[in-house]
Each structure stands twice: as structure tokens, then as C-alpha cells.
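The structure appears right after this line, and notes come after that.
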Amino acid sequence: MEKLIIKGASKLNGEVVISGAKNSSLPILAATILAEGTYHIGNIPALRDINTMFKLLENVGVSSEFKNNSAVINNKNTDSFEAPYELVKTMRASIVMLGPLVAKKGKAKVSLPGGCAIGERPVDLHIAALEKMGAKIEVKDGYIFAECEKLQGTEIVFDKVTVTGTENIMMAASLSSGTTILKNAAQEPEVQDLAAFLRKMGADIEGDGTNTIIIKGKEKLHSADHSIMPDRIEAGTFLCAVAGVGGDIILKKCPVKSMDAIIEKLRLAGLQVNIIDDETIHAKMDGEIKAVDVKTAPYPAFPTDMQAQFMAVMLKSNGVSVINESIFENRFMHVPELKRMGADITLNDSNAVVKGVHSFSGAHVMASDLRASAGLVIAALMADNESTVHRIYHLDRGYEGFEVKLNKLGANIVRASDNE
Ligand code: UD1
């Protein structure tokens, strides 16, 4: 297993180019199941989760060549319709295969994603929505078996805002009979990127980016080309890094318009954010970090995927910050690790109360999930001396060349394997 050895306390200066969004790439790649033909998809980040998605697609007759962040994808529409456990267990987002498989092939066998570090994360809402569209679904032997000759449009009101649930149903409904009205839908920019791609494939979708999405089903869709939107969470992570350690950076190819809540909270924390244009941000930090409260919630509010990184910034604030996690019930796995470094954090149900300290030391810490890993790396950069972040395979699931990009900004991070 690999780890990162991080020397703390160097400021970050220079330019960083933001990669394509993982959470937009995954459903867009799954959407290629919906129509035969050749697709050219650009700006895909080279990540472990993306490789997993390519393997899942290969399994159902969709082959890809992936080079220099671009994929040429060929859908030959074979009879296979299974997303096996060996692949799904490494990536919960594999569930986005379910909607496209049932809609296109009339059948799907998708391994049930297991529990994971950040909470139970059930898929009941995906299943209930597809059942309402006429699919017969059975869960047995750890698999979801779904069958339906032709899905029927209907009205679906999600009990909870679910991002991949919204995406699954949007894809399925695009290739169904009749009209589907999705209420309490997720409004995330990645849902909008998927909708834009589906429209290029011939789908009729309106209302994405609001909480009501209307999809008029089509008999057939066709292949299309697309460039994936940039990753707002990666961009936000770099903003947190500079807010934590100080410095002066420029983010390029950055999805500025989708980052309002992140930018607002970081400005309150003292980061000077100058928006140069739609895809460029200049961020500078040279004063003390101010304590700011934050509550995670569905878009356009502050994203749960930024909670751990923001908490790292608050470790050295000038006061007390209350961080409320409202999306996932167990997303504070980084807290005990941060406390090992000398952080002052008290957990109280869904609240983490972070009392700023002047300085803290480096330590050996263990990454528990993707965004927690990023939080630990930022904390390690803010520490007085050296830290080692173990189990960074979590980080590699979602950040393209994270330490390479940070080192270009002046950080001192070495990747090593556990037996070195
Ligand atoms: C997506 C993102 C993930 C992000 C999360 C919340 C992708 C690939 N992943 O995950 O990075 O952290 O949104 O912004 O885009 N829920 C149910 N039943 C369901 C589905 C969800 O109870 O059937 C609950 C979840 O447990 C959670 C909440 O709804 O409490 C939101 O989860 P959801 O938006 O579905 O997360 P994902 O789509 O898995």
C-alpha cells in the first residue's frame, strides 16, 4: 500500500489546472450504455474510479480506449447486463449502471453496493423509482435483479435528494415510453452536465439544475461527443489548501459558477478570492484564519464532499467553528486522525466543534475515505513538522496527481510504499 510523507508549513504559490469532474464522468460514461455507436468523451480525469467504470462497461459490451484524458468508446450492444461484485465493491457509484442497463437491455444484474466508511448509503430510492416506472426488481444473493421490457414514464417524488438516484432515473427515463416528472431532484452541476450529454444523445430533458426535471422518453438515442465539466470539489480542495497554509495561487479551468457556497465560506474564513473569469480564480491568504460555521446540504448549499477539507482549515482558526454534516451520518472518520495531530475537535452527533489552535504537530494518520484523505493532506500541510498519510488509495480514487499538483505549488510531499 502507498502513503504520502508530507513536510508541513510551506506556503503554496503558483498555478494549478483543475481536472475533469469524477462525479460527472461516472454517470456520463454509464450513459453510453443507452445507444450503440462511437463516442468521444474528453476531459476525463485519470483516476481509479474511472478505470473501474471502464471495466464495468467492458463487461456489458461497451469498449473504450483511454489516453490523455480522452476516451473513444464503442457500444456494440451485446446481451450482457451484469455489474459484478468484484468491481462494484470498490466503487459505490457503480449503481449508475442500473438505470441505463434496464432501459436499454430490459434487464440488469447489479451487485448491491455494500456499506461504506461514510455511512449506510442505501439505494432504496433508486429501486423504488425504477419500480414505479414498471421494472420488476428483486434483491437476492447480494444483487439487484431488474427486468422490464419497456420502462413507463411516471411522476417520481424522491423522499430525499439523491444525486446518483436522480442521474439513474434521468438516464432510464430518456429511453422509456411517456413522460417522467422527477420531483425533489438533485440540482448538482454534475446532474446538469449529464443532462447536457443526454440531450446531445437525442434525449428530451428540461428543468435540470432545478428540483423538478421533466424527461420525455425517446424510442431510440444515438451516440454523441462531450467534454466533461471541471471538478468543483478538486478546485475547492486547492482553495482550502491555500486557505490553510497561506500563499497565492491561480486556479485554471475551474468551474467558478458552481462554487458559490465554497467561495463564500472561504472568503468568510479570510481567503481573498478574486474571480478573474468563468474559469479562473486568484486566491490569496496572508492573514489569520477566521472561525466560520458550516452546514453541508444538497447543492447549491455547501457540499458534503468539501466538509473534511474545510474542517482542516478550521483547525488553526482564531475561534470556534461548528461543522454540521447533514447528508451522511458517519462522515467524521477524519476527526480521530486529526486529533492525533493535536487538533481540538469535539463530536456531538452531526456536529463537529472545532476549536482553533495556534499550531499542531505532524503525525502518522490513516485515510478512511476519499475526501477525508484530502482533509488529512491539508492538515499535514498545515502542521509544524512531518506527517505520513497512510492508505492513500482512497485519495487516488478521486484526485488526479494530487501530490504532483501540490508539489508544483511548493509543497513537499513524497509518495512511498509501505515497505519502504
Ligand atoms: C453523490 C456523490 C458523492 C456525494 C453525494 C452527496 C457521485 C458519484 N457521488 O453520492 O460524492 O458525497 O452525492 O452529495 O456523484 N439515500 C438514501 N437512499 C437512496 C439514495 C440515497 O437514503 O436510495 C441517502 C444517502 O444515504 C444520503 C443522501 O440520501 O444520506 C444523499 O445521498 P446521494 O445523493 O444519493 O449520494 P450519492 O449519489 O451516492
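Residue-wise test of (1) within 25 Å of Lys104 (Cβ to Cβ); (2) away from the ligand (no atom under 16 Å from the Cβ); (3) open to solvent by 10 Å² or more (accessible area, probe 1.4 Å).
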| site | (1), (2), (3) |
| --- | --- |
| Asp208 | yes, no, yes |
| Asp225 | yes, yes, yes |
| Pro230 | no, no, yes |
| Ala241 | no, yes, no |
| Lys252 | no, yes, yes |
| Glu264 | no, yes, yes |
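Among the residues of segment 404-417, the ones that are over 11 Å from Ile5 (Cβ atoms) and open to solvent by 70 Å² or more (accessible area, probe 1.4 Å) come to 2 in all.
Yes/no per residue for (1) on the phi > 0 side of the Ramachandran plot; (2) away from the ligand (no atom under 11 Å from the Cβ); (3) not β-branched (Val, Ile, Thr):
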{"residue": "His126", "(1), (2), (3)": "no, no, yes"}
{"residue": "Glu131", "(1), (2), (3)": "no, yes, yes"}
{"residue": "Ile137", "(1), (2), (3)": "no, yes, no"}
{"residue": "Tyr143", "(1), (2), (3)": "no, yes, yes"}
{"residue": "Glu147", "(1), (2), (3)": "no, yes, yes"}
{"residue": "Gln152", "(1), (2), (3)": "no, yes, yes"}
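In segment 327-343, the qualifying residues are those that are open to solvent by 60 Å² or more (accessible area, probe 1.4 Å) and within 14 Å of the ligand (Cβ to nearest atom), and the one that is farthest from Arg121 (Cα to Cα) is Met333. Within segment 39-82, the residues that satisfy the criterion of being under 18 Å from Gly401 (Cα atoms) and either touching a residue at least 60 places away in the same chain (Cβ under 8 Å) or assigned to a loop (DSSP other than H, G, I, E, B) (or both) are Gly42, Asn43, Ile44, Pro45, Ala46, Leu47, Arg48, Asp49, Asn68, Asn69.
Here Ile156 meets the list (1) in contact (Cβ under 8 Å) with a residue 12 or more places away in the chain; (2) not in a strand (DSSP E or B) almost entirely, failing just condition (2). Given the residues Lys220, Lys257, which is the only one that is open to solvent by 20 Å² or more (accessible area, probe 1.4 Å), over 20 Å from the mean Cα position of the chain (by Cα) and within 27 Å of Ile41 (Cβ to Cβ)? None of the others qualify; the one that does is Lys220. Filtering segment 3-31 to residues that are under 22 Å from the mean Cα position of the chain (by Cα), farther than 23 Å from Cys254 by Cβ and more than 16 Å from the ligand (Cβ to nearest atom) leaves Lys3, Leu4. Restricting segment 2-11 to residues that are assigned to a strand (DSSP E or B) and out of contact with any Phe, Trp or Tyr (no Cβ under 8 Å at 6 or more places or on another chain) leaves a set whose member that is most open to solvent (accessible area, probe 1.4 Å) is Lys7. Within segment 354-365, the set of residues being of a type in the set (A, V, I, L, M) and surrounded by 15 or more Cβ atoms within 10 Å (Cβ to Cβ) comprises Val354, Ala363, Val365.
The values are calculated or read from the model by the stated rules, or taken from the named source; none is laboratory data. Given the structure is predicted, the values throughout are model-derived calculations rather than measurements. Cβ: placed from backbone, ideal geometry, glycine included. Neighbour counts: every protein chain shown. Remember, those area values only see protein heavy atoms, side chains included, never the ligands or the DNA or RNA. Shrake-Rupley method; radii C 1.70, N 1.55, O 1.52, S 1.80 Å.
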